[in-house]
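Structure first, commentary second.
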Amino acid sequence: MTDACIFCKIIAGDIPATKIYEDNDVIVFNDIKPMAKTHFLIVPKEHIESLKSCEDAHQALLGKMLLLAPKLAAEQGLKGFKTLINTGREGGQEVFHIHVHVFGGGEPNS
Ligand code: 5GP
Ligand code: ZN
């Protein structure tokens, strides 16, 4: 938990989010500014800044996050989807708590 981190606040329940999955390691919620009809974020409960900060000890957690993508996409009715991990400011990362974006179902307003 990092006080300044918006995703840690969501994990702590201090700010609301539309959760679609949660277990001991991971929380998944809809993106507040969806870039597709379905757009959710797979977020570890451990505060890890980015893919650059991951270590060998995070291998199982990263695998778990990726394996959740097809399961949750199917639950959301998606037959296919895109995944994205932005890494570092130059990689387009805005929230420095690692997350996997999952997009599907076309443009948000189409
Ligand atoms: P990044 O650019 O770091 O890969 O993506 C951060 C994502 O988090 C963005 O798509 C942004 O819309 C989303 N986001 C930022 N703040 C919040 C929030 O308070 N709640 C939710 N649900 N999503 C957020
Ligand atoms: Zn955090």
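The values are calculated or read from the model by the stated rules, or taken from the named source; none is laboratory data. All values reported here derive from a predicted model rather than from experimental measurement. All Cβ positions, glycine included, derive from the backbone under ideal geometry; neighbour counts span all protein chains shown. Heads up: the accessible areas ignore ligands, DNA and RNA and are worked out on the full protein's heavy atoms, side chains in. Shrake-Rupley method; radii C 1.70, N 1.55, O 1.52, S 1.80 Å.
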Could you work out the helix-only [θ] at 222 nm for the chain, with each DSSP H run of four or more residues adding -39,500 (n - 2.57) and the total divided by the number of residues, to the nearest 500 deg cm²/dmol?
-> -7000 deg cm²/dmol
If every Lys and Arg gets +1 and every Asp and Glu gets -1 at its Cβ, then about the Cα centre the chain yields a dipole, in debye to the nearest 20, of 420 debye
Where does the charge balance sit around ASN30 when Lys and Arg score +1, Asp and Glu -1, over other residues with C-beta under 15 Å from its C-beta?
-> 0
Could you pull the Cα extents of region 2-51 along its three principal axes, largest to smallest, in whole Å?
-> 30, 23, 20
For region 6-104, the accessible surface attributable to carbon and sulfur atoms (probe 1.4 angstrom, ligands and nucleic acids excluded) amounts in percent to 52 percent
Using alpha carbon positions and the Kirkwood radius, the Rg to Rh ratio of region 55-110 is 1.03
Assuming 1.002 mPa s and 20 °C, estimate D for the chain with Stokes-Einstein, Rh taken as the Kirkwood radius over Cα pairs, in µm²/s.
-> 151 µm²/s
For the chain, dividing by residue count, accessible area per residue (probe 1.4 Å) in Å² works out to 61 Å²
Relative contact order, percent, the chain [alpha-carbon distance under 8 Å, six or more residues apart] | 32 percent
What is the total of Lys pairs in the chain with C-alpha atoms under 14 Å apart, excluding same-chain pairs fewer than 8 positions apart?
-> 8
Give me the angle, in degrees from 0 to 90, between the Cα long axis of helix 59-75 and the longest principal axis of the Cα atoms of the chain, rounded to the nearest 10.
-> 20 degrees
For the chain, list the cysteines whose Cβ sits under 4.7 Å from no other cysteine Cβ?
-> CYS54
Gaussian network model of the chain, springs between alpha carbon atoms under 10 Å - residue of VAL43, VAL28, VAL95 with greatest fluctuation = VAL95
Which is the longest stretch in the chain that no exposed loop site breaks, taking sites as GluC sites (Glu not before Pro) with a DSSP loop state and at most 13 other Cβ atoms within 10 Å?
-> 1-54
